[in-house]
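The values are calculated or read from the model by the stated rules, or taken from the named source; none is laboratory data. This structure is a prediction, so every number in the text was calculated from the model and none was measured. Every residue, glycine among them, receives a Cβ derived from its backbone with ideal geometry; neighbour counts consider all protein chains shown.
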Amino acid sequence: MTVKDLKGFFLQPERPRVRVFAQMHDHAMFLAGVPARTFYWDARTFVDTIAEVAAYYDMDNLMAVADAYNFEIEGMGAKMIYSDNAMPTIDFRAPLVKEPEDLRRLKTPDFYRDGRLPYALDCIKFGTEYGVYLSRFCSPFSMAVGMRSYPLLIRDMRRQPEFAHELFTFIVDEVLVPYLKEHKAYCGITVTRGVDAWACVPNLSVKDMKEWVVPYNQRLMAKGEELGMAVSSNSGDYNEERPEKFDAGILHGSFDVEIASQQSPMLFMGMGRWEEYPLEPVREYSARYRKQGIRIPVTVGLNARLLRDGPVERIVSTAKRFIDTFARDHELSIFLANIPMDTPPAHVHAAVAAIHTYGRKPIAADLDKIKFRMPERESFQEWRKGAH
């Protein structure tokens, strides 16, 4: 498969099936044997490698994004941890903003010179060659955590809220609005979505998210409209680690936060243990839209630990359950939620094959009558030799 063919793979007309995509940066890097010091610094290598691995797994589109929580903060001068084997990350032992005075010394970064911001912009720009017209940025709350650290930010919210508001306002007005201008000017992007893993249950209560997360997301959305951009954030994800503590009321509140942080209603069930949570409360929430004749989009994640640890039978049955629950009356996509580096490729092939098998549209009335066959696939390196 030539580079031209590879780009065409993702630009072909949408096929009638439930779509599957993945966050898989470290896994793609490991599978392709690309050094981290190249993968996370050379945008062309990063995007083309993600595209190759997504095509190898027969995914429906690619997610050309990795350390989106770091770029803006690194560009402002944060201390980072760099590795020969993994994605760069913020060094929370030395926060960028240790004291309020540190914030007042910060300035808008130069997006074409500072840190790896030029790399981040090129990743977005090169992604458009594969049909990816959605950019990513670090949402206000997660950026505040990255600049201040989670414990200090929570203390600020409780003990010195005036400073917390100053921090969030700086992030929106002095960092993100100028950054999104460059997404449009340099990359040609008009639709963008903030990553916000820190703004989730149980890190924050629904009350905290409605007080501290939603207002600044909406401030950024309004300023985005002035730029001619549709801006949203994936705030509010439900990630209760103990399934026995699952609470439908809290889940519904988290969905309220999600929808308040978006341009149009969509449910994102990302990093939680959805293979163990009940799904009926999700349908109870979405009923308000279905009653209006709206097939609300639902993106549900196959958990990273499930993908890595398996077994295959459980991966397949979980994908089948998601499709059986949502695909007939919602616009369902399934998200492979941050595939760990050492995940066996057979587990990923099983997930994709199950989604494409059971997710053919129109969705069958009885999925138990559909036989699943585990694909027998060559290794990535063998596929790559044949493709090129």
Exercise for review: Being hydrophobic (A, V, I, L, M, F, W, C) and either in contact with a Cys (Cβ under 6 Å, 6 or more places away or on another chain) or free of Cβ contacts under 8 Å to residues at least 12 places away in the same chain (or both) is the filter here, so list the residues in region 154-170 that pass it.
Suggested key: 154
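Counting just the residues of region 273-315 that are among the hydroxyl-bearing types (Ser, Thr, Tyr) and over 19 Å from the mean Cα position of the chain (by Cα), which one comes out nearest to residue 247 (Cα to Cα)?
Checking each candidate, the answer is 277.
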**Study point:** The lone exception for residue 102 - which of (1) in contact with a Gly (Cβ under 9 Å, 6 or more places away or on another chain); (2) at pLDDT 95 or above it fails
**Key:** (1)
Point to revise | Residue match in region 23-35 (condition: under 19 Å from residue 175 (Cβ atoms) and either touching a strand residue (DSSP E or B) at 6+ places or on another chain (Cβ under 8 Å) or assigned to a loop (DSSP other than H, G, I, E, B) (or both)) | key: no
**Study point:** Selection status of residue 7, in contact with a helix residue (DSSP H, G or I) (Cβ under 9 Å, 6 or more places away or on another chain) and either surrounded by fewer than 18 Cβ atoms within 10 Å (Cβ to Cβ) or assigned by TED's automatic domain parsing to the domain that holds residue 323 (or both)
**Key:** yes
Study note, to complete from the structure: Of the residues in region 186-237, those that are within 14 Å of the chain's Cα centre (by Cα) and of a type outside the set (D, E, K, R) come to 192, 194, 195, 197, 198, 199, 200, 232, 233, 234, 235, 236
Check your understanding: Would a scan of region 66-82 turn up a residue that is in a helix (DSSP H, G or I), in the same structural domain as residue 195 (by TED's automatic domain parsing), among the aliphatic types (A, V, I, L, M) and more than 22 Å from residue 350 (Cα to Cα)?
Key -> yes
Practice item. Output the number of the condition that residue 94 fails; it satisfies all remaining conditions of (1) closer than 28 Å to residue 320 by Cβ; (2) not assigned by TED's automatic domain parsing to the domain that holds residue 323. Key: (1)
Review point. Within the set of pairs 6+ apart or on separate chains, which have a first residue in region 131-144 that is among the charged types (D, E, K, R), a second that is part of a strand (DSSP E or B) and surrounded by 24 or more Cβ atoms within 10 Å (Cβ to Cβ), and C-beta atoms under 8 Å apart?
Key: 136/192; 136/194
Point to revise | Single residue of region 338-358 satisfying the filter (small (Gly, Ala, Ser) and surrounded by fewer than 23 Cβ atoms within 10 Å (Cβ to Cβ)) that is farthest from residue 58 (Cα to Cα) | key: 346
Point to revise | Leading residue by the ranking (nearest to residue 173 (Cα to Cα)) among those in region 112-132 that are part of a loop (DSSP other than H, G, I, E, B) and modelled with pLDDT under 95 | key: 132
Revision key, fill the gap. Among helices (runs of 4 or more DSSP H) entirely within region 277-345, at least 1 residues that are in the same structural domain as residue 25 (by TED's automatic domain parsing), under 21 Å from residue 266 (Cα atoms) and of a type in the set (Lys, Arg) occur in 280-290, 312-326
**Study point:** Sole exception among (1) crowded, with 22+ Cβ neighbours inside 10 Å; (2) outside the structural domain of residue 156 (by TED's automatic domain parsing); (3) assigned to a loop (DSSP other than H, G, I, E, B) for residue 47, by number
**Key:** (3)
Exercise for review: Take the residues in region 83-111 that are part of a loop (DSSP other than H, G, I, E, B) and hydrophobic (A, V, I, L, M, F, W, C), then tell me which one is surrounded by the most Cβ atoms within 10 Å (Cβ to Cβ).
Suggested key: 97
**Study point:** Qualifying residues in region 28-56 (those that are of a type outside the set (A, V, I, L, M) and more than 21 Å from residue 122 (Cα to Cα)) - the one farthest from the chain's Cα centre (by Cα)
**Key:** 33
